[in-house]
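Visitor: Sharing a structure below in structure tokens format, with a few things to ask.
The values are calculated or read from the model by the stated rules, or taken from the named source; none is laboratory data. Computed from a predicted structure; not experimentally measured. Neighbour counts run over all protein chains shown; Cβ positions are idealised from the backbone, glycine included. Just so you know, the surface numbers come from the protein's heavy atoms only, side chains and all, with ligands and any DNA or RNA stripped out. Shrake-Rupley method; radii C 1.70, N 1.55, O 1.52, S 1.80 Å.
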Amino acid sequence: MLHRPPSHSAAIGPGAVPCLALPTPAALEQRQQLGAAQAPSCGAEAFTVDPAALAGGQPRKHTQYPYVTGTSVLGITYKDGVLLASDTLGAYGSTKRYKSFERLRKVNDVCAVGASGELSDFQYIMRLLEELSDDDFCMDDGHHLKPHEVHSYLCRVLYNRRNKFDPLWNSIVVGGFYGGKPFLGTVGMIGTNYTDEHVATGFGNHLARPLMREKHRPDMSEEEATALMHECLKVCYYRDKNSINKFQLAKVTAEGVTISEPFALETDWNYKLFANPAANAPGTW
């Protein structure tokens, strides 16, 4: 019988041989001598790591608080598509640590997403969406995830993690254009979700949406929608200390998804109330 070559399957790791399933007494003795909790029972080199060995016997811990976070994401629909906007800041507490983190990402040719909250969790969510997009590409049948399907999928993912008491600390905005109609929805970290003609996360719910309610129209042109978005971004920058003047716009239309290069908005800090903000707030500095 010919010797079976070592397997290089990603499931069991490189160099692992079939004898792993049948440990010998010599192998078990070698393993005891090594004293490695994560070593295979046959005594071979470890190809996976036992979480219990890394934890030192301590119970498994979940993320209790987000560390590197992004602030508001805004979204509005207009006659020919959807606009999403956010800044590019990753804040470590109150420290403006990462100033070029892109929080708007393309999912496929009809959908884009943006996220506020813990940025590492957002990277994990994007890996999930990229896996689905890769599956669609490999199937090569002309079908792909539609915007409302991406929104529904993220609702299930975030609600599932919430039920495990290990939530993904993000608020997600999903924008897309399919079948001649724009789609815009949002999902919270515990799975709460809704769709609307304009959405926002974080401080944008308090600062930007009042402007959107006042000025948004479903039949807006792209120029009008962009001007409204710039005005909302400017207000968020004035009032949100965890924002910077470096923004990106994502546009989803029938032609596809385009994400702009980072840009800055012209600001004016000479307003009378900016000169002495504590004048009408007794008790402050």
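Visitor: Return the pairs, sorted by first residue and then second, in which the second residue is exposed (fewer than 12 other Cβ atoms within 10 Å of the Cβ), the first residue lies in the range 130-149 and is part of a helix (DSSP H, G or I), the beta carbons are less than 9 Å apart, and the residues are 6+ apart or on different chains.
Guide: Matching pairs, first to second residue: ASP136/HIS143.
Visitor: State which residue is surrounded by the most Cβ atoms within 10 Å (Cβ to Cβ) when the search covers only the range 87-104 and only residues that are in contact (Cβ under 8 Å) with a residue 40 or more places away in the chain and in a strand (DSSP E or B).
Guide: ASP87
Visitor: Pick from the range 121-154 the residues that are more than 22 Å from PHE247 (Cβ to Cβ) and polar (S, T, N, Q): which of them is least open to solvent (accessible area, probe 1.4 Å)?
Guide: Here the answer is SER133.
Visitor: List every residue pair whose Cβ atoms lie under 6 Å apart, where the two residues are 6 or more positions apart in sequence or sit on different chains, the first residue falls within the range 64-86 and is over 20 Å from GLU102 (Cβ atoms), and the second residue, located anywhere, is part of a strand (DSSP E or B) and of a type outside the set (D, E, K, R).
Guide: Matching pairs, first to second residue: THR77/PRO182; THR77/LEU184; ASP80/THR253.
Visitor: Which condition from (1) β-branched (Val, Ile, Thr); (2) open to solvent by 70 Å² or more (accessible area, probe 1.4 Å); (3) more than 23 Å from the chain's Cα centre (by Cα) is the one that VAL235 breaks?
Guide: Result: VAL235 passes all but (2).
Visitor: Filter the range 242-263 for residues that are open to solvent by 70 Å² or more (accessible area, probe 1.4 Å) and either of a type in the set (A, V, I, L, M) or closer than 21 Å to VAL199 by Cα (or both) and give the result.
Guide: Quick first cut of the range 242-263, residues open to solvent by 70 Å² or more (accessible area, probe 1.4 Å) only: 254-255, 258, 261.
Passing the criteria: ALA254, THR258.
Visitor: Restricting to the range 229-273, name every residue that is farther than 27 Å from VAL107 by Cα and free of Cβ contacts under 8 Å to residues at least 12 places away in the same chain.
Guide: Once the filter is applied, which keeps residues that are farther than 27 Å from VAL107 by Cα and free of Cβ contacts under 8 Å to residues at least 12 places away in the same chain, the range 229-273 yields GLU266, ASP268, TRP269, ASN270, TYR271, LYS272, LEU273.
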